[in-house]
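J.: So that we are looking at the same thing, I have put the structure below in structure tokens.
The values are calculated or read from the model by the stated rules, or taken from the named source; none is laboratory data. All figures in this text were calculated on a predicted structure; none of them were measured in a lab. In this analysis, Cβ positions are derived from the backbone assuming ideal geometry, glycine residues included, and neighbour counts consider all displayed protein chains.
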Amino acid sequence: MGTDISQTGNNGDRVDYKGPADQFGETAAPSQRGGCPSTVKHCKPWLNTTLFAAPAAGTYGNSGKGNWTGPNLWDVDTGLLKVFTPMPSHENINFQFRSEFFNLFNHPQWADPNVNFSNAAFGSTRGGIGTNADYRIIQLALKMNF
């Protein structure tokens, strides 16, 4: 909730869900999403913010923890290696060239939605390259074994 509506001092209050029961815990359709202020960069609306309201004073709210999920995360990590034996008469000496790729396709990883109801960005998720995920990382290595 972001504020102590229940007046208990534990700051564990939740928002009230006012929408239809069949949409409880579901991601809103893209046309119904909201919560991205124009001043926030890399913002993606995720929840239908009109389906939530502040609970009545002295109550905790009816939304439990973990009822809504954020965007799926995915990335591709891979590696390639090649072993070279420069001197066939000394097979115990070789070189290994290794290349490793992390987040190969440079896909942005969006964070979970902002669930602080008193925040202007409630219901939105921030993310993208450089904020919540690594850029594409490429590592090259050469190792000598003897």
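J.: If I go through the stretch 97-123 residue by residue, how many of them are at pLDDT 75 or above and among the small types (Gly, Ala, Ser)?
T.: The total comes to 1.
J.: May I pose another question? Can you list residue pairs whose Cβ atoms sit under 7 Å apart, with the first residue in the stretch 84-104 being free of Cβ contacts under 8 Å to residues at least 12 places away in the same chain and loosely packed, with under 10 Cβ neighbours inside 10 Å and the second being among the hydrophobic types (A, V, I, L, M, F, W, C) and not in a strand (DSSP E or B)? Count only pairs 6 or more apart in sequence or on different chains.
T.: Going by the 7 Å Cβ cut-off, the qualifying pairs are MET87/ILE93.
Residue-wise test of (1) hydrophobic (A, V, I, L, M, F, W, C); (2) more than 30 Å from ASP13 (Cβ to Cβ); (3) modelled with pLDDT under 90.
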site	(1), (2), (3)
THR69	no, no, yes
LEU73	yes, no, yes
THR78	no, yes, no
PHE95	yes, yes, no
PHE146	yes, yes, yes
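J.: If a residue must be in contact with a strand residue (DSSP E or B) (Cβ under 7 Å, 6 or more places away or on another chain) and more than 25 Å from ILE138 (Cα to Cα), how many such residues does the stretch 72-92 contain? Steps first, answer last, please.
T.: Kept after step one, since they are in contact with a strand residue (DSSP E or B) (Cβ under 7 Å, 6 or more places away or on another chain), are these residues of the stretch 72-92: 77-86.
Pick out the ones that are also more than 25 Å from ILE138 (Cα to Cα) and you get 86.
Residues that pass the stated criteria total 1.
J.: If you check LEU104 against the conditions, is it touching a helix residue (DSSP H, G or I) at 6+ places or on another chain (Cβ under 8 Å) and of a type outside the set (Phe, Trp, Tyr)?
T.: no
J.: Here are some conditions: (1) surrounded by 11 or more Cβ atoms within 10 Å (Cβ to Cβ); (2) farther than 19 Å from ILE138 by Cα; (3) at pLDDT 75 or above. CYS43 meets all but one. Which one does it not meet?
T.: Single failed check for CYS43: (3).
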